Amino acid sequence: MYIRVSVYPNAKKEELIENGQDKCEVRVKEPAERNLANSRVMEILALQYRKNKKSIRLVSGHHSSRKIFSIED
């Protein structure tokens, strides 16, 4: 399953907002440097979809705020 994620780093509080079946917005407290925000987004997605963090992979958007993640079934 693929999911499109809009990431907002340096937020005051962390939250995940679903905007449809395969779209969501994720706000994280971590800065967008040294892969900190991407790692935290993967942790939040793992919690949301009840998966192991290793089953979530960043497919595209490594340096962009709009990303595509793959979640193994």
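The values are calculated or read from the model by the stated rules, or taken from the named source; none is laboratory data. These numbers come from a predicted model, not from an experiment. No Cβ is skipped: glycine too gets one built from the backbone with ideal geometry, and neighbour counts run over all protein chains shown. Calculation scope for accessible area: heavy atoms of the full protein, side chains included, ligands and nucleic acids excluded. Shrake-Rupley method; radii C 1.70, N 1.55, O 1.52, S 1.80 Å.
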For the stretch 39-60 the number of residues that are free of Cβ contacts under 8 Å to residues at least 12 places away in the same chain, outside any helix (DSSP H, G or I) and open to solvent by 50 Å² or more (accessible area, probe 1.4 Å) is 2
For a quick check of your reading of the model, give me the residue pairs whose first member lies in the stretch 26-38 and is under 15 Å from Ser6 (Cα atoms) and of a type in the set (A, V, I, L, M, F, W, C), whose second is part of a helix (DSSP H, G or I) and open to solvent by less than 20 Å² (accessible area, probe 1.4 Å), with beta-carbon atoms closer than 8 Å and at least 6 apart or on different chains. Val26/Val41; Val26/Leu45; Val28/Ala37; Val28/Val41
The residue that is most open to solvent (accessible area, probe 1.4 Å), considering only those in the stretch 1-29 that are charged (D, E, K, R) and under 11 Å from the mean Cα position of the chain (by Cα), is Arg4
May I ask you to list the residues in the stretch 9-25 that are in contact (Cβ under 8 Å) with a residue 12 or more places away in the chain and acidic (Asp, Glu)? Glu14, Glu15, Asp22, Glu25
Run Ala32 past the list (1) part of a strand (DSSP E or B); (2) open to solvent by 50 Å² or more (accessible area, probe 1.4 Å); (3) of a type in the set (A, V, I, L, M, F, W, C) and report the number of the one that doesn't hold. (1)
